[in-house]
1. At least 2 residues that are out of contact with any helix residue (DSSP H, G or I) (no Cβ under 8 Å at 6 or more places or on another chain) in each: list the strands (runs of 3 or more DSSP E) lying fully within the chain that qualify.
2. Give me the residue from the range 8-26 that is within 14 Å of F58 (Cβ to Cβ) and without any contact (Cβ under 8 Å) to a residue 40 or more places away in the chain and, out of that set, surrounded by the fewest Cβ atoms within 10 Å (Cβ to Cβ).
3. Can you name the residue in the range 49-70 that is hydrophobic (A, V, I, L, M, F, W, C) and either within 20 Å of S8 (Cα to Cα) or at pLDDT below 95 (or both) and, of all such residues, is surrounded by the most Cβ atoms within 10 Å (Cβ to Cβ)?
Amino acid sequence: MTANSFDSVCYRTEQREEQVALRNLKNGEIGYSFGCTHAGETIQVRLLNGEMDSWNRFDCIEDSVTEPTVH
């Protein structure tokens, strides 16, 4: 993810309280943003299974998924 995309995701997450859908480029997982760490350029995400994780901005992109799917 570019620096501009990271800033946009973080702004929407922290100022607008949106949960932005992201895809991890290394493992394909989908997560929803709930926080950012600007110093480390990471985004805190909640995975579809409810677990929490932290992804480096270089390891993820914004995804077009809008709603989590329930299995």
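The values are calculated or read from the model by the stated rules, or taken from the named source; none is laboratory data. It should be emphasised that the depicted structure is a prediction, and the values quoted were computed from it without experimental measurement. Positions of Cβ are generated from backbone atoms using ideal geometry, with glycine treated the same way; all protein chains shown enter the neighbour counts.
1. On the way: elements: 21-24, 30-37, 42-47, 52-56, 60-62.
Strands (runs of 3 or more DSSP E) meeting the threshold: 21-24, 30-37, 42-47, 52-56.
2. Only one residue fits best here, namely K26.
3. Ranking the qualifying residues of the range 49-70, first place goes to C60.
Residues checked against (1) touching a residue at least 12 places away in the same chain (Cβ under 8 Å); (2) crowded, with 17+ Cβ neighbours inside 10 Å; (3) touching a Ser or Thr at 6+ places or on another chain (Cβ under 6 Å):
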{"position": "G31", "(1), (2), (3)": "yes, yes, no"}
{"position": "G35", "(1), (2), (3)": "yes, no, no"}
{"position": "T42", "(1), (2), (3)": "yes, yes, yes"}
{"position": "L47", "(1), (2), (3)": "yes, no, no"}
